[in-house]
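Participant: Structure incoming, see below.
The values are calculated or read from the model by the stated rules, or taken from the named source; none is laboratory data. Because the structure is predicted, anything quoted here is derived from the model rather than measured. When we count neighbours, we look across all protein chains shown, and the Cβ atoms used for this are built from the backbone with ideal geometry, even at glycine. Ligands, DNA and RNA are excluded from the accessible area calculation, which covers all protein heavy atoms including side chains. Shrake-Rupley method; radii C 1.70, N 1.55, O 1.52, S 1.80 Å.
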Amino acid sequence: IGLTAVVLTILYVIPKFSSTPPEDLDRSIDVLPFDNESADESNAYFVNGIMEDIRNNLAKIGDLRVISKTSTEKYRESELSIKEIAQELEVPFLLEGTVQKSGNKVKIHAQLIEAETDDHLWAETYLRDLNDVFEIQSEIAQAIAKELYTVITPEELIIIETQPTTDITAYDIFLKARDQHNKYWSDNTDAEALENAITLYRRAIDNDSTFARAYTGLAMAYSEKHHWEKYLEPTFLDSVLVLVNKALAFDDRLDEAYFVRGRYFGQNPESMDAAMNDMNRALELNPNYAEVYKFKSRVSAWIFEDYVEAIKNGRMAVNLDHGPQLPESLSNLANLYAQCGFLEKGREHYEKALFLDNDSIKYYQNISLMYFYSKEDLKNAYN
């Protein structure tokens, strides 16, 4: 079927709920990997980017709980049912879709599913010019919010409707850069992917010198490139700060930019207050930012010795990230509980981590160390 029509038939499914939602409606959702229906398989980067940006828009809505992107990648080729996936992710709703790109046209189909019943609460197909892709992403987020009876605040609406760039070529290059960056995030030994990302971010900026997300991506890539060096070169540290400040000059509502700058400040104990301020601003803009909760949890415990805040943020990180880092997040939370004297809570979360990563050596090491937090059970550490 060719992409010749301006608008394709819209399928709208009458919502299951009445005019008022159940009082206990759980507004938790995850976005499954979209399928690439383009004739060109190399368009996978574009499909993944569209899916990721739809999730990002949903994550900006405070009344929604949106699971992190790393949580669903493992389901790309999964044979599990919708209900089984939702049970693993602990969400009642899933969004799935397809993307087809051809020339200057794009077709996006998305559907909201209630996992327990497999009912399609909403579905719509968009066929537009490629330049309208940001409007489609915004419309999908707002439609999902409406179906789940979610209120979008004025600031959230501004964020969702703000186009990141007016140059669709720059956006396309940015999606290629993020695709390479994702490869590095999934395999930190892939230095070539990180270098590719850096080159592509620069190209995106060359096409649009006001593209805030490209500056932020480049800043993050620079930071990661030199992360493992014992002594970071000041020039690269300066570059990270310059780039992220430039990004915020063009878009002061960019949550990722505040996260990158907060992480930059977090390298120096003397600037930890500034780091936490940026992380708090990132959460104001994206209340589903799992990485920020992880950062705040560790800093609250290690630097400020505020274990109530550390546990609160640690629980949020576990709640939002069901990806490969979940065992680490569970162990961090277990450690915090143990340090506060809640040994059974600590053991419970260590056991959850063991169930996921099957690392029995790490588990027994953690259990052994946990006893050191209780004077009464200190001798058990050696048994």
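Participant: So, in segment 48-105, how many residues would count as being hydrophobic (A, V, I, L, M, F, W, C), within 30 Å of ASN280 (Cα to Cα) and part of a loop (DSSP other than H, G, I, E, B)? So that I can check it myself, show each step before the final result.
Facilitator: We begin by selecting, within segment 48-105, every residue hydrophobic (A, V, I, L, M, F, W, C); these are 50-51, 54, 58-59, 61, 64, 66-67, 80, 82, 85-86, 89, 91, 93-95, 99.
Imposing the further condition that a residue be within 30 Å of ASN280 (Cα to Cα) reduces the set to 50-51, 54, 58-59, 61, 64, 66-67, 86, 89, 91, 93-95.
Imposing the further condition that a residue be part of a loop (DSSP other than H, G, I, E, B) reduces the set to 61, 64, 67, 91.
Of the residues in that region, 4 qualify.
Participant: Which of the numbered conditions does ALA177 fail, given that it passes all the others? Conditions: (1) open to solvent by 10 Å² or more (accessible area, probe 1.4 Å); (2) small (Gly, Ala, Ser); (3) in contact (Cβ under 8 Å) with a residue 40 or more places away in the chain.
Facilitator: (1)
Participant: Pick from segment 282-294 the residues that are surrounded by fewer than 21 Cβ atoms within 10 Å (Cβ to Cβ) and closer than 19 Å to THR70 by Cα: which of them is farthest from the chain's Cα centre (by Cα)?
Facilitator: LEU283
Participant: Which of the residues that make up segment 149-170 are open to solvent by less than 20 Å² (accessible area, probe 1.4 Å) and either more than 19 Å from the chain's Cα centre (by Cα) or of a type in the set (Gly, Ala, Ser) (or both)? It would help to see each step written out before you state the result.
Facilitator: First, the residues of segment 149-170 that are open to solvent by less than 20 Å² (accessible area, probe 1.4 Å): 150, 160, 165, 170.
Answer for segment 149-170, where residues must be open to solvent by less than 20 Å² (accessible area, probe 1.4 Å) and either more than 19 Å from the chain's Cα centre (by Cα) or of a type in the set (Gly, Ala, Ser) (or both): THR150, THR165, ALA170.
So that you can scan it fast, the table gives a plain yes or no per residue for (1) crowded, with 19+ Cβ neighbours inside 10 Å; (2) closer than 18 Å to ILE54 by Cβ; (3) touching a strand residue (DSSP E or B) at 6+ places or on another chain (Cβ under 8 Å):
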residue: GLN87; (1), (2), (3): no, no, no
residue: VAL91; (1), (2), (3): yes, yes, yes
residue: ILE113; (1), (2), (3): yes, yes, yes
residue: GLU116; (1), (2), (3): no, no, no
residue: ASP119; (1), (2), (3): no, no, yes
residue: LEU127; (1), (2), (3): yes, yes, yes
residue: GLU135; (1), (2), (3): no, yes, yes
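Participant: Please tell me if THR98 is at pLDDT below 85, under 22 Å from the mean Cα position of the chain (by Cα), closer than 30 Å to PHE174 by Cβ and open to solvent by less than 80 Å² (accessible area, probe 1.4 Å).
Facilitator: On the way: at pLDDT below 85: no; under 22 Å from the mean Cα position of the chain (by Cα): yes; closer than 30 Å to PHE174 by Cβ: yes; open to solvent by less than 80 Å² (accessible area, probe 1.4 Å): yes.
For THR98, the condition - at pLDDT below 85, under 22 Å from the mean Cα position of the chain (by Cα), closer than 30 Å to PHE174 by Cβ and open to solvent by less than 80 Å² (accessible area, probe 1.4 Å) - is not met.
Participant: Now for a separate question. Working only within segment 183-202, note down all residues that are open to solvent by 50 Å² or more (accessible area, probe 1.4 Å) and part of a helix (DSSP H, G or I).
Facilitator: Across segment 183-202, the qualifying residues are LYS183, TRP185, SER186, ALA191, GLU192, GLU195, ASN196, THR199, ARG202.
Participant: Kindly indicate whether any position in segment 41-57 is open to solvent by 30 Å² or more (accessible area, probe 1.4 Å) and at pLDDT below 90.
Facilitator: Yes - at least one qualifying residue is present in segment 41-57.
Participant: Another question about this same structure. Give segment 349-365 a look and list any residue that's of a type outside the set (A, V, I, L, M) and touching a Phe, Trp or Tyr at 6+ places or on another chain (Cβ under 8 Å), or say none.
Facilitator: Start the filter on segment 349-365 by keeping residues that are of a type outside the set (A, V, I, L, M), which leaves 349-352, 355, 357-360, 362-365.
HIS349, TYR350, GLU351, TYR363 - these are the residues of segment 349-365 that are of a type outside the set (A, V, I, L, M) and touching a Phe, Trp or Tyr at 6+ places or on another chain (Cβ under 8 Å).
Participant: Further question: Quick one: is ASP35 at pLDDT 90 or above and open to solvent by 30 Å² or more (accessible area, probe 1.4 Å)?
Facilitator: Working: at pLDDT 90 or above: yes; open to solvent by 30 Å² or more (accessible area, probe 1.4 Å): yes.
It is true that ASP35 is at pLDDT 90 or above and open to solvent by 30 Å² or more (accessible area, probe 1.4 Å).
Participant: Still on this model: Considering only segment 230-336, give the helices (runs of 4 or more DSSP H) lying wholly within it that have at least 3 residues that are modelled with pLDDT of 95 or more and farther than 30 Å from ILE367 by Cβ.
Facilitator: Working: elements: 234-250, 255-265, 272-285, 290-302, 307-320.
Helices (runs of 4 or more DSSP H) meeting the threshold: 234-250, 255-265, 272-285.
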